[in-house]
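Working notes, structure below.
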Amino acid sequence: MELHKFERQLRLMMLLTQNRKYTLEELGKRLDMSSRNVYRYIEAFKMAGFIVRKTNGCYSLDKSSPYFKDISTLVHFTEEEAYILKRAIESVDGNTSLKQNLKKKLYKVYDYEILSEIVVRSGIADNVHNLYEAVKDKRQVAFHEYKSSNSHAVTDRVVEPFAFTANNNEIWCYEPASGKNKLFKVSRITSVEVLETGWQFEESHEEGYTDVFHISSDRRLPVTLRLGMTAANLLIEEFPLAEKYMEREDDAHWLFHTEVCKYEGIGRFVLGLFEDIEIINSPDFVLYLKEKVQNISEKIQD
């Protein structure tokens, strides 16, 4: 019993030494205990000489507390260190219990949700870390050599990042130069520089709609597809969020009802599996596909 109590106290101390601050309710949820007990432990820390700060209902250990430097050095991972650990764990073959236990231990104590969810490719871990810190601290950033697929240009951008998308591969930013909220792909940023300037346009920050094919805009175009088994399986594998909009029709067919921002994303998917897909009550989408096929046919003839 005493050992279990000590473990909880140690885990609470770890959470309070991280950069992120937590409310009593959040701490209780992560430690699987009541807010009342969390508060008791925090009071015990105060009695032991630690300086506990409370800001906007969130708690942290002050860095001037006795032994703080030693404790934080021992128990705290940087974002990059956690990323390396995650990659090392993922490299273990198979889905063994050892592998799962290691992941649980890493993510149970340390707040690396952004790293546990994101599909980080080699070379962009630093960009992810800088963006995460900029959002948390409400700072502007400079994107150096951003490769735009719309303008086909490589430019520098100054933006205010404020929200990652569901899969964390993209980030919503407000761009002062254009006065618009835009979605930027993390993989297209050569480097991210966190600036000293804080957010200047927070009241204008607004996330747009992103469809299951990872395309964003202010438009929402309804589309319904009847999918065979092959198309249904591939759709879920390639775009996992699509499963929320699917309903089973019979043993071999599924109906997919969704709204898309543009027809490009869903169009690529349908054209690749047209023999296993039927378009239902979506005349504008059918027209788009006919024009697409016509363009393809003309290019092949040329």
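Table for the structure above
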read-out	value
Carbon + sulfur, % of accessible area of the range 150-283 - ligands and nucleic acids excluded, 1.4 Å	47
Backbone HN-Hα couplings from phi across the range 185-195 [Karplus 6.51/-1.76/1.60, Hz, Gly and Pro as x]	7, 4, 5, 9, 8, 5, 7, 10, 10, 7, 8
Accessible area of the range 167-206 divided out per residue, in Å², using a probe of 1.4 angstrom	52
Quotient of C-alpha Rg and 2.2 N^0.38 Å, computed over the range 247-301	1.27
Three-way shape label, the range 187-236, alpha-carbon gyration tensor, a/c 1.5	oblate
Within the range 262-302: backbone nitrogen closer than 16 Å to the Ser217 label point (7 Å, Cα to C-beta)	262-269, 283-292
Order by protection proxy (mean Cβ within 10 Å, highest first), peptides 27-33, 149-155, 40-46	27-33, 40-46, 149-155
Cα Rg over Rh - the range 198-302, Kirkwood	1.07
Ala44/Met229 FRET efficiency (R0 41 Å; Cβ-Cβ; nearest 0.05)	0.10
Order by protection proxy (mean Cβ within 10 Å, highest first), peptides 133-139, 51-57, 261-267	261-267, 133-139, 51-57
Three-way shape label, the range 130-211, alpha-carbon gyration tensor, a/c 1.5	rounded
The range 223-262: relative contact order as a whole-number percent, Cα under 8 Å and 6+ apart	53
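The values are calculated or read from the model by the stated rules, or taken from the named source; none is laboratory data. Everything numeric here is computed off the predicted structure, so don't read it as measured data. For neighbour counting, all protein chains shown are included, and Cβ atoms are generated from backbone atoms with ideal geometry for every residue, glycine included. For accessibility, only protein heavy atoms count, side chains too; no ligands or nucleic acids. Shrake-Rupley method; radii C 1.70, N 1.55, O 1.52, S 1.80 Å.
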